[in-house]
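Since the structure comes first, as structure tokens, the remarks are kept for the end.
Bear in mind that the values in this text are calculations on the coordinates, not laboratory data. Note that the coordinates shown come from a computational prediction; the quantities given were computed from them, not determined experimentally. Here Cβ is always computed from backbone atoms with ideal geometry, including for glycine, and neighbour counts include all displayed protein chains.
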Amino acid sequence: MADTRGIPMPHVVVIGAGAAGLKATHDLLAKGYQVTLIEARHRFGGRAWTDESMGLPVDLGCQWLHDSPANPWFTEAKRLKVKIYKQIKSDFYLDPADLSLDRSKKLKEHVETMESALENSVKSGDRNSAASEGAKAAKVDRKDPWYPVAVARLAALEESAELEEFSTVDLDAKADDEDEDEVDDDVVDEDDQGANEDDHAAEDGDEGEAAETSYNCLARGGFGKLISAYGDALVEEYTDELTVHFTTVAELIRWQDDTLTVVTSSVIAGPVLKFTPDAVVVAVPTSIIASKEIEFLPPLDLATQKAFADLPLGAYMKVALKFSSDIFDPDSYEGQISAKELKQLRKTLPGIEAYDEVWPKPASSGHVWKFVCKLHDQNVVVGFVGGKLARKMEAEKDAAVVEHALTKLTAMLGPVLGPHVRKLYQNKYLISRWSQDPWAQGAYSYTKPGGQGARKHLYDQPLSNRRIFFAGEALWRAAYGTAHGAYKTGAKAAKCIIDELG
Ligand SMILES: Cc1cc2nc3c(=O)[nH]c(=O)nc-3n(C[C@H](O)[C@H](O)[C@H](O)COP(=O)(O)OP(=O)(O)OC[C@H]3O[C@@H](n4cnc5c(N)ncnc54)[C@H](O)[C@@H]3O)c2cc1C
């Protein structure tokens, strides 16, 4: 391809076809560039992956379009005619000794009080040291049985790491994403808007949600499906300008003198490929660079190597379980529990709706699970664990992981319902294991203690030859660990290249 003067358009190699790499690819193609996209997996999306083998879309990676409608994936969904809808959820805290809505509300208040004391204390500590240091000053009862939940809400289930593992240096930036895109409110599926909005949400003190300017959305067919549809659309539109190599691993980037060479290997015994592009976008997880899966010759400077090492990926695991009926509805247990128990539970048990989040009382081990209920309004419950527990669980066999989740649900539902929950389980499950995945090596990035400035260093595109550009969720300080953060870094990398090469 050449421009109108017959000068060939620049050729860019993009490594990694996740949210970041795909957006960079899009913007370079839109400018008329030639792009070679190299992806180790056999598919688009990276940590965005929708599994449909259970008969409904289950996102094993990213699921929520946070900060909608400013989220750029919200706008892409409209362009691609992918249906999305607003998620309205409530949180329930369940104590097996008293499953009532009243008790759940009190526990919610209790956990939130502990959580905010902990958060304030963590944030007023030294930002560059471990969050656990700051947490020491919090006036909370560490022996409280719900204390581990307050901790997990801040750490394992938010940062994908333990309080001792991450620093809070980037937390405020995350809450303040300034580079918001145009608000595009008509994308939400009219029919679905507020589909989950009913009396129980209001009862739980969520009355303000209808007026929210920023909220979570879900893609009807899955977030992973949306991102791979974005990749498919590029292939369809740019038949001449885009070449995609799946199951192809970038192994070496040589950037000596003025020459830039990318050498690949194949996952399935295909040929070794060698490219000499004008520029390269490296849009792989930070863990891949830190573990030197891609060799740079000469090596990256020490500050850049340190920045990658300071942004490791934590662990965050999902277990989706399919049931024959709603495990939170006492009527599902009719015939198995007494008529008196049924009548009583019908009166007191919280009505749990699609996507509500349920927090069981932690076991004495302190292990914390969260369950997202009724995925797509079906009888699928998704268990979430993060940090150390997720790493441990991901190393276990499927049967053991499912057993942990069922045991947790059994205990959570108390002595009356708990013993019957396994009878409703349909022996269908899905488990995500991102820490074991060679092309991710974790779920999403956190900042290690001492890692102040790492995200900014990488975001500022530090390499002196102006031919290698990095992208990926870890680089977007205002929304790291998200698919829209990744998207924005892809746009940034493409813009830098276009500014450089014209
Ligand atoms: C369980 C889980 C839940 C999440 N939930 C949400 C959520 O609800 N909302 C949200 O916004 N975000 C969520 N996230 C985060 C979100 O998925 C990621 O931030 C985002 O998808 C990262 O995109 P990326 O392009 O930076 O990286 P990736 O998606 O990891 O893409 C990088 C690509 O590089 C490829 N690659 C790696 N090494 C090589 C190599 N040597 N050669 C060639 N290719 C290579 C990989 O295969 C991959 O396809 C979640 C993540 C996880 C794991």
Cβ charges +1 (Lys, Arg) and -1 (Asp, Glu), total dipole of the chain, debye: 1820
Inter-part distance where the range 35-76 and the range 261-306 are each reduced to a Cα centre, Å: 23
Computed Kirkwood radius, in angstrom, where 1/r is averaged over Cα pairs of the range 260-330: 16.2
Net charge over other residues, Cβ less than 11 angstrom from the Cβ of F328 (K, R count +1; D, E count -1): -4
Proximal charge balance of E39 [Cβ under 15 Å; K/R count +1, D/E count -1]: 0
Ranked by how many other beta carbons lie within 10 Å on average, peptides 417-427, 373-383 from highest: 373-383, 417-427
Residues with amide H under 5 Å from that of R43, placed H, sequence gap 5 or more: T247
Positive dipole terminus of the range 347-502, leading residue within P419, N465, H367 (C-beta point charges): H367
Whole-angstrom gap from the range 364-400 to the range 83-116, using each part's C-alpha centre: 17
Alpha-carbon centroids, the range 329-359 and the range 131-156: separation in whole Å: 31
Global geometry of the range 131-170, whether rounded, prolate or oblate, following the gyration tensor of its Cα atoms and the 1.5 cut on a/c: oblate
Overall dimensions of the range 304-350 as given by Cα atoms, namely Rg and Dmax in Å: 22.2, 66
Value of Rg to Rh for the range 3-126 (Rh from inverse mean 1/r over Cα pairs, i.e. Kirkwood): 1.17
Measure of compaction for the chain (Cα Rg per 2.2 N^0.38 Å): 1.02
DSSP H segments from the chain that extend 20 Å or more along their own axis, Cα-based, with Kyte-Doolittle mean of 0.0 or above: 223-237, 398-412
The range 1-69: radius of gyration over Cα atoms, expressed as a fraction of 2.2 N^0.38 Å: 1.48
Burial ordering of Y446, Y147, fewest other beta-carbon atoms within 10 Å first: Y147, Y446
Which of F246, F166 has the fewest Cβ neighbours within 10 Å, and the rest in rising order: F246, F166
Summed side-chain charge close to G366 - residues other than G366 whose Cβ falls under 12 Å, Lys, Arg +1, Asp, Glu -1: +2
Prolate/oblate/rounded call for the range 357-500, Cα gyration tensor, a/c under 1.5 rounded: prolate
Residue order, fewest to most beta carbons within 10 Å, for R47, R79, R477, R466: R79, R466, R477, R47
Prolate/oblate/rounded label for the range 85-144 (Cα gyration tensor, a/c 1.5): oblate
